[in-house]
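Structure first, commentary second.
Rule-based calculations on the coordinates, nothing more; no lab input. Every value quoted in this text rests on a predicted model; they were computed, and no experiment measured them. Positions of Cβ are backbone-derived with ideal geometry, glycine not excepted, and every protein chain shown enters the neighbour counts.
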Amino acid sequence: MFERLGRFVVRRAWWVIGGWLLAAAAIVFTTPSLSDITSADQESFLPHSYESVQATELGKKAFPQQATATAIIVVKRADGQPLTPADEAKVGQLAESLKARNIAHTSGYLTGPPAVAPDKSVQVVNVGLTSVAPDDPALLDAVRDLRAAIGPELAGSGLSAGVAGDVASFVDNQDTFNKAFAVVGVATIILIIGLILIIFRSPIAALLPVVVISGVMAVTSGLVAAAGKAFDLNVSQDLQTVLLIVLFGIGTDYILFLLFRYRERLRAGDDKRTAMVVSVERVGEVITSAAGAVIVAFLVLLLASLGFFGSLGPALAIAVGVMLVTSLTLIPAVVSLLGRYVFWPSKAWQRAPKATMSHRLGTAIGRRPALVAAASGALLVALAAGVLGYKADYDFSAGFPQDTESAKAAADLQRGFAAGALAPTEVYLTTGNGSPLTEQQISDFAAAAAAAPGVGRVQPAERSSDPSVARVNLLLNENPVSNKAITLVRDDLRDAVHKAAPPGTRALVGGTTAIFADINSANNRDLSVILPVAAGLIALILALLLRSLVAPIYLVIAVLLNFAATLGATVYLFQGLQDKPGVTFQLPIILYLFVVAIGTDYNILMIARLREEAREGNEPYEAAAIGVEHAGPTVAAAGLILAGTFGVLMLAPISFLQQMGFAVAIGIVLSAFVMSMFFVPALTALIGHKAWWPGHGDQRPTRGRHAAPEPVTVAEA
């Protein structure tokens, strides 16, 4: 099949290129924009069955005028002394003056004696931020306007103030995020061009992936947006960045797979068209199987209960599908026309390298496969042991620079009040049948809730316009986004609050900590479902590719071991050496996307080459040596480019990006170099012919399936 595809593409190269350009133009100019289906609304992040979502929905109905977000003005004396009665009066005047300015999208400006810290260190003014959507840029402008107005109001008073809260934090760190992702984009291009220049010594070969994948990115964005409109899917704001990394990662891999094999066939004496037909025939099955495994892994995300991952999966699957078609049609068409000039001006492609590093590695693996398998396997197991100490971290604010206004104000707030003052746990008391709550029921509940585990303070209850609902905010003694607080809410506080509800009523626990507690439960559930299902489907694809039941088993085990080793290495670095409270809770899913799914490419490329060498009549040990020699440079180049792209994230001053950069970079390095270059070839050599049971895929084909096809004539071209 792939030989026929290769011959068609080579014979009709200009038709293929023209068809691609027309199709790309039609898609780009007729489909909606990706921004049309992008949303930051987290309501769909969790299913309705979770209590925090039910609490949020009840709160929106019972308190329809409540702010979308909150900005907290934290006022203190500039000399660090306790606030005086005159200072408290000045804060009250500040609130009234700011309110009179009618700053757009702000409301409330609540302060007073309850807003003064017990130790008089700070006093707060709570400002509601209202908008149609929580990601409305107008909220950012509201915080900026608020800050600009505070300075003149407090001039000469001896008081200073800072604005804290999620929106204020986003304002302070927006430039940091933008610069970080700009660095990633530039670094990706530089790494791809630089490394391919080193490998092929050709500007044409170096620019080819950048130009083609940039076009594929535009086409993919249009197709994803069209699918989102058709199936009513919303995607996260992070999708554009994830698409960029996925497309450049797998796209460069597939193009390198093809170029390395094309160069090998030119060195063997094939003309440029025949060389491309053979390359598509030999590598087409590998690329298709690799892409199939990645697409399946991404589509398994549809099983996730977290809405973000459910919409991310189809979008990434579309991206990989487009890149697959591109790799088997557009790239071969372009390269077959360029011929040897794709490697211009270098002439190194004309001669096979001698005594290369890959040759020496292959020889070493072929001679001592047991030692290599034991050493590489032991390394993966040792790193995987770190998973036993894994703790999830939900505190994004702690990962941002701590010298910003919002960070300093938040620190002042937490020193003066209970640690949970910045994100109260919202408890909604309701009769559920529309009958009104009595004052006695509300006061009894508030008193009982104050005695619940971990509660430092209870704010005055708020009655809704709906007489059957009231809200009581609990301030926890712990940082509300810490593991300790999340575990407290999930395991103890909720049960205590439920029991405290008076007869005939029920209590729903919401707020940031409760949401993260439910995300923690959903995340654990999703991983327990996604990993086994993906492993089974990837094993099925490998079985179809290799016609074997043995090799897929140890290949999937190797992939899962590599996943654990990657997470363990991250735990060792951040929780161990850097003494962080945990690693970001999103990291396991991120590793699933980039280490399990994409890292499988390298396994497929290597095992397919091992089978090919075995079919040439080489014994298992010799096949391992030759396979590593020929496939090793491709795996190394692809792994270095992808790992380097993520490694640049470690330069960002944001802990989340640093952890993601290190984890994915080390995961790709382990996938490409330890697993695919050493562990899998050595294990395959040790297992020998049994690795291909029952299909005996290592036997030489009887009808010349892998013989070089007839040359493509000028007339055919």
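Data overview
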read-out	value
Sorted by Cβ neighbour density within 10 Å, fewest at the top, the residues VAL296, VAL278	VAL296, VAL278
FRET efficiency for ASP119 and ALA447, using Cβ-Cβ distance with R0 set to 22 Å, rounded to 0.05	0.35
The stretch 402-517, relative contact order in percent, only Cα pairs under 8 angstrom and at least six apart counted	34 percent
Cut-off under 5 Å, modelled amide H: who pairs with GLY108 long-range	GLY128
In sequence order, calculated HN-Hα J values of the stretch 250-265 (Karplus, 6.51, -1.76, 1.60; Hz; x Gly/Pro)	6, x, 5, 4, 5, 5, 5, 3, 6, 5, 4, 5, 4, 4, 4, 6
Using alpha-carbon coordinates, inclination of helix 203-231 to the longest axis of the chain, degrees	50 degrees
Chain lengthening between LEU110 and LYS690 when straightened (0.36 nm per residue, less Cα-Cα)	201.3 nm
Ranked MET357, MET217, MET677, criterion: other C-beta atoms within 10 Å, fewest first	MET357, MET217, MET677
R0 of 30 Å, Cβ-Cβ distance ARG506-SER528: FRET efficiency to nearest 0.05	0.50
Tilt relative to the chain, helix 600-615 - C-alpha long axis, 0 to 90 degrees, to 10	20 degrees
Pairwise label distance in nanometres, ALA155 with ASN477, each label 7 Å out on the Cα-Cβ vector	4.6 nm
Loop-exposed GluC sites (Glu not before Pro) per DSSP, neighbour cap 13 Cβ within 10 angstrom, longest uninterrupted part of the chain	1-615
Near-label residues of the stretch 442-460 by backbone N, under 18 Å of a point 7 Å along Cα→Cβ of ASN433	442
In sequence order, calculated HN-Hα J values of the stretch 421-437 (Karplus, 6.51, -1.76, 1.60; Hz; x Gly/Pro)	5, 6, 9, x, 7, 8, 10, 9, 9, 8, 7, x, 10, x, 6, x, 7
Taking TRP692, TRP15, TRP20 and counting other C-beta atoms within 10 Å, the order from fewest to most	TRP15, TRP20, TRP692
Simple spin-label estimate for THR241 and GLU619 in nanometres, 7 Å along Cα-Cβ	5.3 nm
Amide H within-cut-off set for VAL469, under 5 Å, with H built and near neighbours excluded	LEU437, SER464
Residue-by-residue Karplus 3J(HN,Hα) for the stretch 472-489, coefficients 6.51, -1.76, 1.60, Hz, glycine and proline x	10, 8, 10, 9, 7, 6, 9, 3, x, 10, 7, 4, 5, 5, 5, 5, 4, 5
Using a Förster distance of 41 Å, the FRET efficiency for ASN102-ALA375 (Cβ separation, nearest 0.05)	0.05
Net lengthening on full extension, THR363/LEU207 (0.36 nm per residue, minus Cα-Cα)	52.8 nm
Long-range HN-HN contacts of ASP393 with modeled amide H, under 5 Å	VAL583, THR584, PHE585
Stretchable slack from SER521 to LYS347, in nm (0.36 nm times residue separation minus alpha-carbon distance)	56.9 nm
Relative contact order (%) - the chain, alpha-carbon pairs under 8 angstrom, separation at least six	18 percent
Near-label residues of the stretch 475-509 by backbone N, under 15 Å of a point 7 Å along Cα→Cβ of GLN459	475-477, 480
Crossing angle, helix 166-200 versus the chain [Cα axis fit, 0-90 degrees, rounded to tens]	10 degrees
For a label point 7 Å along the Cα-to-beta-carbon line of GLN440, residues of the stretch 464-504 with backbone N under 19 Å	468-470, 500-504
Read-out Cα extents along the principal axes in Å, derived from the coordinates shown; its label in (i) 92, 81, 55; (ii) 92, 50, 46; (iii) 98, 78, 38	(ii)
Contact order relative to length of the stretch 67-164, as percent, for alpha carbon pairs under 8 angstrom and 6 or more apart	44 percent
Charge dipole magnitude, Cβ of K and R +1, D and E -1 - the chain, Cα centre, debye nearest 20	2700 debye
Set of lysines near LYS120 by C-alpha distance (under 27 Å), chain-local residues within fewer than 8 positions excluded	LYS76, LYS90, LYS99, LYS408
